[in-house]
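The values are calculated or read from the model by the stated rules, or taken from the named source; none is laboratory data. Source: prediction; values computed, not measured. Neighbour counts run over all protein chains shown; Cβ positions are idealised from the backbone, glycine included.
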Amino acid sequence: MSPSRLLSILLILPALVVLLALFVYPLGFSVVSAFTDRSGAATLENFHTAFTTYRSDLIFTPAIVGLSSLLIAVLAIAIGGYLTLGENRAAVRILGAVYRWPLFIPFIVAAQCMRTFLGRNGMMNNSLMALGVLDPAQAQSFLDWRGIVITFVWKQAPFVTLMVAGAMASLDRSTIDAARNLGASRLRTLLEIVVPQVRDTLYVGLILSFVVMMSVLSVPAMIASDSPTMITRDMAWRIEQLGDYHTANALGFVSYLMTGLVAWFYLRATMRERAGR
Amino acid sequence: MKRREFLMSTAAAGATLATAGTARAQQRRTITVMTAGDQNMVDYITDYLGPLFERQNPGVSVRAVGTGPGDAGSQRIWERLEAQRRANAQTVDVDVAVIHQRMAGTMVQQNMLARYRPEVQTSNLVTNEVARNSLGVNVDGFVMPMFMSQIAMAYNPQTVPNPPRTMDELVTWAAAHPRRFGHNGIRGGMSGVGFVFAWMYAYAPNPQQLINGPYDANVIASWGPALQRFKEFNRNVTITPGNAGTLDALNRGEIDMGPVWMDMFYTWVAEGRLPPTMRLSMIQTGLPGQPMYYVIPERAANAELARKFIELATSPQVQAVGIVQRFNWLPGIDAQHVQSHLDRAVWERLFRDVPPDQLASMGRPMPQADFFQAIQQAYERNVMN
């Protein structure tokens, strides 16, 4: 073995050890734990418990995250589209500066803000009541699955927008100008010329957001602890209150499958991107 | 030369001081009180009980360590003692521990606690069942209750002139006033969990077995109708985000009634966070309460001082001033021993809505430890799902 080869192995060794010790080993451990009982014997009982006890949450989690992703896509296209095609210089500049702010706010802070904003006597309802739009008796709290969706969209839309707007900015402007010259409206130009060209970037942004949202505990814990809520909350409860790591890991394994599925789409998209180059 | 002499004399003086310091440290003894529970438990030891004990016992200092709220806090104390036991330590570094009921049973079964109660002079001031039975485990002699906390129904008398006295009346009331009753379910703190237990005491086929055991997994199947009814009941109620959330919703007028911890209720009223017009009531089939226990670990390094500490902590004077007056808890020893040490006003504030006879007849223990978990899991499976 040549000295430079040895050196390169030595250089990657720390990273490899960290990866194995802190990621691969715990991952394998939790998968094994999901399929064993307290005495260590193989069993599917944990999955039975997970599916019977948390059936509604297992359905709601991908539904909540999926709906959030959809809304994020719409917002990202709208904001990115206006930044690219907007004609009011000042509005474009202000929007461009403002839309990134939520990126710098941690999930738990966002959740806390939403609690004071969306509660029954929160800022939103109070403002609507002050405007006379809402009757106080009909005011309702949004601190349930709707609150989770609102927080996720608010927090993750800027991230996807950042990627999408970047891709839109680097497009060949001549395609946009050609469409506009031929009389296409701005909306039509956005949907038929711009979006198809940034579609892969949009997908990648959404997939990364999906995986991040799947793993957030603070938002469901603070906004909607009761059912329907997200799998992460159920896992935390299982461990904190019942000391039951096996069912928690079974729930975790189901989350892996969900994120694994979208990760597969991500890999396919990046492969296609590379092949296209 | 002078400078050198000066340096040497300083060094000598320093050495003398250091020796004197060590001697003093040897005279001074420290007992460690490790407590589970919220921050107010640590405050109680550091601000009130610790200084009092130090004044009465010169040369002793009290070190309070909090391990966090809920059963998880008691679990940490167990982990510490278990680690020292596995290491075959001659003495353990926890002298007094304050733990929840479930862990008290476990620790007694695992021979981790000293049978100290007969040696404490205040032992005969407690006749309550909880001093002997902790969630179905016989803990007689191993524990002294620090205080009792009790769940009661808080309500707004302006909107609820006649509060429901039975669970049936509550169900009818909630149906007539949708979303005006609030509880925090099983994920947001013990006042909600306790309400779920109260529901089972009212509607499960054999409530006595849930409290006294023996545990029998076959009983779980018989809970179906009770839980189904709960699910329908929950359609008419507001689920609040926690113990504090229920009180908060009551204060904001979002709900008119809900289960709360009595001590939290009184503290909130005293702090002006809840209008003094709010009242408490009980449910005839019973609402649960729980003590926290003083225990002394087996092989505690300062067992004798620990017994002295607990003796002080369970004396009528301290129970009156510290537990009742300052922290709004119900006394751990029998109430009649405490009464003479309290102002009439304080006594009446504590028992105005729920007098001692109601507490005795409608206060229930939490369920037996295995049923405790089984009910929570059945609620998740059948009511939340």
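Got at least one residue in region B:82-89 being crowded, with 17+ Cβ neighbours inside 10 Å and among the aliphatic types (A, V, I, L, M)? Scanning region B:82-89 turns up no residue that is crowded, with 17+ Cβ neighbours inside 10 Å and among the aliphatic types (A, V, I, L, M). Within region B:203-239, the residues that satisfy the criterion of being closer than 18 Å to B:V193 by Cα and among the β-branched types (V, I, T) are B:I211, B:I220, B:V237, B:T238, B:I239.
Among the helices (runs of 4 or more DSSP H) confined to region B:1-118, the ones with at least 1 residues that are more than 14 Å from chain A (Cβ to nearest Cβ) and modelled with pLDDT under 90 are located at B:2-27, B:39-43.
Meeting the requirement of 3 or more residues that are of a type in the set (A, V, I, L, M) and without any contact (Cβ under 8 Å) to a residue 60 or more places away in the chain, the helices (runs of 4 or more DSSP H) wholly within region A:26-105 are A:55-85, A:89-98. Which is of a type in the set (S, T, N, Q), farther than 22 Å from B:R349 by Cβ and either assigned by TED's automatic domain parsing to the domain that holds B:I31 or buried (at least 22 other Cβ atoms within 10 Å of the Cβ) (or both), of B:N206, B:N218, B:N302? Going through B:N206, B:N218, B:N302 in turn, just one is of a type in the set (S, T, N, Q), farther than 22 Å from B:R349 by Cβ and either assigned by TED's automatic domain parsing to the domain that holds B:I31 or buried (at least 22 other Cβ atoms within 10 Å of the Cβ) (or both): B:N302. Scanning region A:29-67 for residues that are in contact with a strand residue (DSSP E or B) (Cβ under 9 Å, 6 or more places away or on another chain) and over 15 Å from A:Y245 (Cβ atoms) returns a single hit, A:A42. Here A:G147 meets the list (1) over 22 Å from A:F104 (Cβ atoms); (2) within 13 Å of chain B (Cβ to nearest Cβ) almost entirely, failing just condition (1).
For region B:341-385, filtered to residues that are among the aromatic types (F, W, Y) and over 25 Å from B:L210 (Cβ atoms), the residue that is nearest to the other protein chains (Cβ to nearest Cβ) is B:F351. The lone criterion from (1) buried (at least 16 other Cβ atoms within 10 Å of the Cβ); (2) over 27 Å from A:L70 (Cα atoms); (3) modelled with pLDDT under 85 left unmet by A:P136 is number (1). Taken together, the criteria exclude B:T277 from residues that are assigned by TED's automatic domain parsing to the domain that holds B:R85 and of a type in the set (S, T, Y). Note on region B:238-255: residues that are in a loop (DSSP other than H, G, I, E, B) and crowded, with 22+ Cβ neighbours inside 10 Å total 3. Might you check whether a residue that is within 14 Å of chain B (Cβ to nearest Cβ), among the hydrophobic types (A, V, I, L, M, F, W, C) and surrounded by 20 or more Cβ atoms within 10 Å (Cβ to Cβ) occurs anywhere in region A:180-202? No: zero hits. Of (1) surrounded by fewer than 16 Cβ atoms within 10 Å (Cβ to Cβ); (2) assigned to a helix (DSSP H, G or I), A:N125 satisfies all except one. Which? For A:N125, the exception is condition (1). Has region A:42-50 got any residue that is of a type in the set (A, V, I, L, M) and more than 14 Å from every other protein chain (Cβ to nearest Cβ)? So far as region A:42-50 goes, yes, one or more of its residues are of a type in the set (A, V, I, L, M) and more than 14 Å from every other protein chain (Cβ to nearest Cβ). Does B:L312 meet the test of being modelled with pLDDT under 90, outside any strand (DSSP E or B) and in contact with a helix residue (DSSP H, G or I) (Cβ under 6 Å, 6 or more places away or on another chain)? No: the conditions fail for B:L312. Restricted to helices (runs of 4 or more DSSP H) entirely inside region A:151-269, those with at least 3 residues that are under 20 Å from A:I64 (Cβ atoms) and touching a helix residue (DSSP H, G or I) at 6+ places or on another chain (Cβ under 9 Å) are A:199-214, A:218-223, A:231-242.
Selection of first residues in region A:107-130 that are within 29 Å of A:S215 (Cβ to Cβ) and of second residues that are surrounded by 19 or more Cβ atoms within 10 Å (Cβ to Cβ) and β-branched (V, I, T), restricted to Cβ pairs under 6 Å at least 6 apart or on distinct chains, gives the following pairs, ordered by first then second residue: A:F107/A:V216; A:F107/A:V219; A:A110/A:T151; A:A111/A:T151; A:A111/A:V219; A:A111/A:I223; A:M114/A:T151.
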